Amino acid sequence: QKEVEQNSGPLSVPEGAIASLNCTYSDRGSQSFFWYRQYSGKSPELIMFIYSNGDKEDGRFTAQLNKASQYVSLLIRDSQPSDSATYLCAVGRASKIIFGSGTRLSIRP
Amino acid sequence: DGGITQSPKYLFRKEGQNVTLSCEQNLNHDAMYWYRQDPGQGLRLIYYSQIVNDFQKGDIAEGYSVSREKKESFPLTVTSAQKNPTAFYLCGSGGVNTEAFFGQGTRLTVV
């Protein structure tokens with residue numbers, strides 16, 4: 001079992017709709033949770049971080065954390081073509097950050 | 001101009017050679033990381049460091065070595081023991097147990 005699991009996609013969403021990206025993690029000692037966006041050929045860019053159970057909103061992005069279910073999600077509202085990218089879920093524990101394999105998101109006009 | 005600088009952007013290595021990838025940050029971050037990314041894959045942790053003169057192995061440390069002699073610098077050496085080194089290498093930095101930010105990456109190709 002991978003420590004951080006994501007559906008590889010591709011996930012195709014119409015422009016203007018809500019994109020929902022999911023991630024599960026295996027270690028209950030995980031303390032911090034991150035979402036990165038990565039465009040093809042570029043380095044990852046941090047878009048959200050969350051440390052406590054519940055929701056955290058930043059503009060069109062909402063991160064949701066449920067530690068009991070070991071589940072993290074990212075919602076993107078009003079999806080734009082520029083949101084087409086790979087989204088990487090990452091988990092922090094014991095001073096290191098472990099990444100999932102990423103979900104490819106495609107926003108169709 | 002603050003940030004994380006990786007150099008070179010592209011690097012070609014002959015079989016059996018050691019090469020060193022540079023990573024410098026001027027963000028006063030304590031933690032630094034090295035990851036490897038293969039096509040269509042996520043990031044895999046090679047080494048990480050939380051403090052000067054101390055570092056730990058990640059999941060795929062074999063064939064790699066690092067040093068952390070200065071807070072700002074965390075160079076990665078890809079040794080000849082790494083049999084499949086062609087990949088995209090990413091250096092990150094951040095606070096301890098907080099988010100990491102990344103440099104532009106180094107693409108290493110074996111020729």
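Observations on the model:
- In segment A:65-80, the residues that are in a loop (DSSP other than H, G, I, E, B) form Cβ pairs under 9 Å with partners that are β-branched (Val, Ile, Thr) and open to solvent by 30 Å² or more (accessible area, probe 1.4 Å), at six or more places apart or across chains, as follows: A:Ser69/A:Thr24; A:Gln70/A:Thr24; A:Arg77/A:Ile18; A:Asp78/A:Ile18; A:Ser79/A:Ile18.
- Qualifying residue in segment A:10-19 (condition: closer than 27 Å to B:Lys9 by Cα, within 14 Å of another protein chain (Cβ to nearest Cβ) and open to solvent by 30 Å² or more (accessible area, probe 1.4 Å)): no
- Within segment B:27-65, the set of residues being away from chain A (no Cβ under 14 Å) and touching a strand residue (DSSP E or B) at 6+ places or on another chain (Cβ under 6 Å) comprises B:Tyr64, B:Ser65.
- Residue selection: B:Leu90 satisfies the criterion of being touching a Phe, Trp or Tyr at 6+ places or on another chain (Cβ under 9 Å) and facing chain A (nearest Cβ under 10 Å).
- Looking across segment B:8-20, the residues that are in a strand (DSSP E or B) and either closer than 30 Å to A:Gly9 by Cβ or open to solvent by 50 Å² or more (accessible area, probe 1.4 Å) (or both) come down to B:Tyr10, B:Phe12, B:Thr20.
- Number of residues in segment A:59-79 that are under 21 Å from A:Ser26 (Cβ atoms) and open to solvent by 60 Å² or more (accessible area, probe 1.4 Å): the value is 5.
- The one condition from (1) within 10 Å of chain B (Cβ to nearest Cβ); (2) of a type in the set (Gly, Ala, Ser); (3) within 17 Å of B:Glu99 (Cα to Cα) that A:Ala63 does not meet is (1).
- Restricting attention to segment A:26-58, the residues that are open to solvent by less than 60 Å² (accessible area, probe 1.4 Å), more than 12 Å from chain B (Cβ to nearest Cβ), of a type in the set (Ser, Thr, Tyr) and closer than 18 Å to A:Leu75 by Cβ total 0.
- Only a single criterion out of (1) more than 10 Å from chain A (Cβ to nearest Cβ); (2) touching a residue at least 60 places away in the same chain (Cβ under 8 Å) is not satisfied by B:Gly103, namely (1).
- Candidate set from segment A:81-109 (those that are in a strand (DSSP E or B) and of a type in the set (Ser, Thr, Tyr)); member that is surrounded by the most Cβ atoms within 10 Å (Cβ to Cβ): A:Tyr87
- Counting only strands (runs of 3 or more DSSP E) that fall entirely inside segment B:21-111 and contain at least 1 residues that are at pLDDT 95 or above and open to solvent by 60 Å² or more (accessible area, probe 1.4 Å), the qualifying elements are B:43-51, B:54-57, B:100-102, B:106-110.
The values are calculated or read from the model by the stated rules, or taken from the named source; none is laboratory data. All values derive from a computational prediction rather than experimental measurement. In this analysis, Cβ positions are derived from the backbone assuming ideal geometry, glycine residues included, and neighbour counts consider all displayed protein chains. Ligands, DNA and RNA are stripped out before the accessible areas are found, and what is left, the full protein with its side chains, is counted by its heavy atoms. Shrake-Rupley method; radii C 1.70, N 1.55, O 1.52, S 1.80 Å.
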